[in-house]
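Chemist: Sharing a structure, written as structure tokens. Questions coming.
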Amino acid sequence: MSLTVLNPATEEAIATLEQAGVDETDAAVRLAHAAFPAWRAVSPADRGRLLRRLATLVEEHHEELARIESENVGKPISGARGEVGMVADVFHFYAGAVDKKHGETIPVAGGIDMTFREPLGVVGLIVPWNFPLNISSWKLGPALACGNTVVLKPAELTPLSALRLGELALEAGIPEGVLNVVVGKGSVVGQRLVEHPDVAKIGFTGSTEVGRSVMEGVAATIKRVTLELGGKSANVVFADADLEKAAAAAPYAVFDNAGQDCCARSRILVERSAYDRFADLLVAATRSIVVGDPSSDSTEMGPLISAQHRDTVAGVVDGATLYRGETPAGKGFWYPCTIVEASNDDRIAREEVFGPVAALIPFDDEADAIQIANDTPYGLSGSIWTQNGSRALRVARALDTGVLSINSNSSVRVSTPFGGFKQSGFGRELGMHGLDGYSEVKNVYYSTEG
Ligand code: NDP
């Protein structure tokens, strides 16, 4: 069966591809399995060199990859350029990390005890449509650095950048079979990877619902799994914060990527005494977001990924709004920036809307802020805005979330760990922590007696 890939900003077809089924998935796993012994045996320095070449090729194809991503996801070209820059940096980082994840020697009686980090084998990487190339690189970098071979399944809606990356990997000299990209449905290709006896691990990013089924599926073969799932993160603004700065930054923490971001700070919690002033500043800042043609350098927000997703987002916003922005007329899966005054019990504050919709929620004091922020099944990211350093750290320690920023909304850096608490998943990506999920600790005891 063929698959038509759309540009969400124009609804035009930009590619038609053959969809893989179970047989093609099995063939990719066979290739990855066959390539594994030679790839794990490549010397660390040479594996690093090959990843470095891939990073350099991504840099050389920077504009091409950014355009593919912008057209396929509908994301503004300026954001897509930043993301491709990060992809190159991720491969540079893991190129340098190949020979820096050391084992240990442990004092024991009668001999020497040492640990090794062994690759797992074939890993299945299942990625979503919101940051297709970025999220692929967060998994590919550590997986390849550790000596695993890979079958990468991009989302059906956004397979184009992963396919191009697969070509660049070959051009970089990474041997055939080491990185295999398989385009097809999650319920077919993804499910087969989850079940396949020769796949040692699944690295998954996507919805909590599918993450749950992946976790159930891997139980049958006791595969390793890391899950990076949904979020409903809180942006906590205390009255003593630099309110102008916090309000100017807040819209980008929700409306960036049209809100299709697991790290979106989609619950904005504001101390009651500063609430009215903050609300005014927030609306003014949101009004200035440039929504429109993703190929224009000045655009800050594009459309949603699909008509179906737009219907889902619209279905969650059912009451009065504090602010509702404009969108271009005509074709495209547009949805306006929307701010809703809410309580934490409202549906809009509980569900991951995954669209440009922010819930503005007042709180009374520090204890109330912590209680509301933690009152969610998720725990991925979040922010704390205050000029009181002690309070900032107290609240940071009290929040049940994996990635926090103080007086900032940025979550993701190449060299620092990223991942969730609670139903936002487990396992860490990026930084040196990312390597833990793609290697197994082996303990070896060597007797020196006799
Ligand atoms: P999904 O969780 O359905 O998709 C993520 C990936 O999993 C895709 O590659 C998908 O394939 C694949 N997949 C789907 N079903 C299975 C399965 N049974 N076994 C294995 N893999 C599978 O996310 P959606 O794209 O449907 O988005 C739905 C919601 O999920 C969003 O509205 C948002 O709330 C959340 N989400 C969270 C993300 C995050 O970054 N944490 C990213 C994306 C979504 P395919 O799409 O090709 O069918």
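The values are calculated or read from the model by the stated rules, or taken from the named source; none is laboratory data. Quick caveat: nothing in here was measured; it's all calculated off a predicted structure. Virtual Cβ from ideal backbone geometry, glycine too; neighbours counted across all protein chains shown.
Chemist: Take VAL98 and decide whether it is away from the ligand (no atom under 16 Å from the Cβ), of a type in the set (Val, Ile, Thr) and at pLDDT 95 or above.
Modeler: Yes: the conditions hold for VAL98.
Chemist: Please work out if LEU65 is crowded, with 21+ Cβ neighbours inside 10 Å, over 20 Å from ALA145 (Cβ atoms) and touching a helix residue (DSSP H, G or I) at 6+ places or on another chain (Cβ under 7 Å).
Modeler: yes
Chemist: Any idea which of (1) surrounded by 24 or more Cβ atoms within 10 Å (Cβ to Cβ); (2) assigned to a helix (DSSP H, G or I) is the one GLY166 doesn't satisfy?
Modeler: The number of the failed condition is (1).
Each row is one residue, and each column tells you yes or no for (1) within 30 Å of ALA143 (Cβ to Cβ); (2) outside any loop (DSSP other than H, G, I, E, B); (3) out of contact with any strand residue (DSSP E or B) (no Cβ under 7 Å at 6 or more places or on another chain).
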{"residue": "PRO197", "(1), (2), (3)": "yes, no, yes"}
{"residue": "GLU209", "(1), (2), (3)": "yes, yes, yes"}
{"residue": "GLY231", "(1), (2), (3)": "yes, no, yes"}
{"residue": "ALA246", "(1), (2), (3)": "no, yes, no"}
{"residue": "TYR252", "(1), (2), (3)": "no, yes, yes"}
{"residue": "ARG277", "(1), (2), (3)": "no, yes, yes"}
{"residue": "THR286", "(1), (2), (3)": "no, yes, no"}
{"residue": "ASP293", "(1), (2), (3)": "no, no, yes"}
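Chemist: With the requirement that a residue be away from the ligand (no atom under 16 Å from the Cβ), assigned to a strand (DSSP E or B) and under 26 Å from the mean Cα position of the chain (by Cα), what does region 331-360 give you? Before the answer, list the steps.
Modeler: Of all residues in region 331-360, those away from the ligand (no atom under 16 Å from the Cβ) come to 331-332, 334, 336-337, 339-346, 360.
With assigned to a strand (DSSP E or B) added as a condition, the list becomes 339-341, 360.
ILE339, VAL340, LEU360 - these are the residues of region 331-360 that are away from the ligand (no atom under 16 Å from the Cβ), assigned to a strand (DSSP E or B) and under 26 Å from the mean Cα position of the chain (by Cα).
Chemist: In addition: Say we look at region 368-413 and pick out the residues that are of a type in the set (S, T, N, Q), in a loop (DSSP other than H, G, I, E, B) and away from the ligand (no atom under 15 Å from the Cβ); which of these is farthest from ASN257 (Cα to Cα)?
Modeler: Of region 368-413, the ones of a type in the set (S, T, N, Q) are 371, 374, 376, 381, 383, 386-388, 390, 401, 405, 407-411.
So of that shortlist, the ones also in a loop (DSSP other than H, G, I, E, B) come out as 376, 381, 386-388, 401, 407-411.
Narrowing the set further to residues that are away from the ligand (no atom under 15 Å from the Cβ) leaves 386-388, 407-410.
Details: THR386: 26, GLN387: 29, ASN388: 31, ASN407: 21, SER408: 18, ASN409: 14, SER410: 14 Å.
Restricting to residues being of a type in the set (S, T, N, Q), in a loop (DSSP other than H, G, I, E, B) and away from the ligand (no atom under 15 Å from the Cβ), the top hit is ASN388.
Chemist: Search region 316-330 for residues being closer than 17 Å to ILE305 by Cα and surrounded by 13 or more Cβ atoms within 10 Å (Cβ to Cβ), and hand back the single one that is nearest to the chain's Cα centre (by Cα).
Modeler: Per the stated criteria, the residue is VAL316.
Chemist: Does LEU193 qualify as being in a helix (DSSP H, G or I), under 20 Å from the mean Cα position of the chain (by Cα) and away from the ligand (no atom under 11 Å from the Cβ)? Let's see the steps before the verdict.
Modeler: Details: in a helix (DSSP H, G or I): yes; under 20 Å from the mean Cα position of the chain (by Cα): yes; away from the ligand (no atom under 11 Å from the Cβ): no.
No, not satisfied.
Chemist: Right, here's the next one. So which residues in region 211-229 are more than 17 Å from the chain's Cα centre (by Cα) and either more than 11 Å from the ligand (Cβ to nearest atom) or part of a strand (DSSP E or B) (or both), if there are any at all?
Modeler: Within region 211-229, ALA219, ALA220, THR221, ILE222, LYS223, ARG224 meet the criteria.
Chemist: What residue, among those in region 414-436 that are in contact with a helix residue (DSSP H, G or I) (Cβ under 7 Å, 6 or more places away or on another chain) and not hydrophobic (A, V, I, L, M, F, W, C), is nearest to HIS92 (Cα to Cα)?
Modeler: Of everything passing the filter in region 414-436, SER415 is nearest to HIS92 (Cα to Cα).
Chemist: Taking region 248-290 only, how many residues are within 25 Å of GLY402 (Cβ to Cβ), hydrophobic (A, V, I, L, M, F, W, C) and away from the ligand (no atom under 16 Å from the Cβ)?
Modeler: Number satisfying all stated conditions: 5.
Chemist: I've got another one for you. Spot the failing condition for ALA172; the list is (1) more than 9 Å from the ligand (Cβ to nearest atom); (2) crowded, with 21+ Cβ neighbours inside 10 Å, and only one is missed.
Modeler: (2)
Chemist: Could you identify the single residue in LEU179, LEU163, LEU144, LEU140 that is at pLDDT 95 or above, within 15 Å of the ligand (Cβ to nearest atom) and within 28 Å of LYS100 (Cβ to Cβ)?
Modeler: Testing whether each residue is at pLDDT 95 or above, within 15 Å of the ligand (Cβ to nearest atom) and within 28 Å of LYS100 (Cβ to Cβ) leaves just LEU140.
Chemist: Let me ask something else about it. Given the structure, is ASN72 within 12 Å of the ligand (Cβ to nearest atom) and either in a helix (DSSP H, G or I) or surrounded by fewer than 21 Cβ atoms within 10 Å (Cβ to Cβ) (or both)?
Modeler: no
Chemist: As an exercise: evaluate LEU133 against (1) within 20 Å of LEU57 (Cα to Cα); (2) away from the ligand (no atom under 12 Å from the Cβ); (3) more than 15 Å from the chain's Cα centre (by Cα) and give the number of the one condition it does not meet.
Modeler: Failed condition: (3).
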